[in-house]
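Let me begin by handing over the structure; questions about it come next.
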Amino acid sequence: MTEPIKNPRAAEQASKFGHYLRELRKQHGLTLREIEERTTISNSYLSQLENGYIDQPSPRNLQRLAVVYNISYESLMTQAGYLNQRETATSPGRAAFNIIDDLSDEEVEEVQDFVKFLRFKRQKQQRG
């Protein structure tokens, strides 16, 4: 079983996002199993998302859900808390999320690893 999210702000965001996903699924008349079949995202992961147990859902999974729910990827990323609603279409943050549309799962993982490396490097430089 997944541990509860300890950060209150993150827990609230995850709960709101989970409710949003559940409503999208119900509006489309789909079950978790049907979403699993269409996205290859496990039923248990989907359930944890809808119940607010995951505070940072995978952008790749959000991309898959956006296709099934016929909504924009950017909209789903905003609802998940990755993007600020005030960001413009030309912002670097939004542009970065748009470039993963045609990448394989392995390539997305490599990009994520590289971003982690860049953040680590920046933190190391800031510490002196």
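Need one number: nm distance between label points at N43 and K6, each 7 Å from Cα along Cα→Cβ, rounded to one decimal.
So the two model labels end up 3.2 nm from each other.
While we're here: Express the Stokes-Einstein translational diffusion coefficient of region 30-76 in µm² s⁻¹, to the nearest whole number, given a Kirkwood radius over alpha-carbon pairs, 37 °C and a viscosity of 0.692 mPa s.
306 µm²/s
Can you list the lysines whose alpha carbon sits under 17 Å from that of K116, skipping same-chain ones fewer than 8 residues off?
K124
Another one. If the cut-off is 14 Å between C-alpha atoms, which aspartates and glutamates fall inside it for K6, apart from same-chain ones fewer than 8 positions away?
D55
Return the distance in nm (one decimal) between the two label points of a simple spin-label model at S104 and E74, each offset 7 Å from Cα along Cα→Cβ.
2.9 nm
Could you pull out every one of the lysines with an alpha carbon less than 22 Å from that of K26, ignoring same-chain neighbours closer than 8 positions?
The reachable lysines, counting only those whose Cα sits under 22 Å from K26, are K16.
No value in this document is a laboratory result; all are computed from the given coordinates. Please read these numbers as outputs of a predicted model, since none were measured by experiment. Note that each Cβ is placed from the backbone with ideal geometry, even for glycine, and that neighbours are counted across all protein chains shown.
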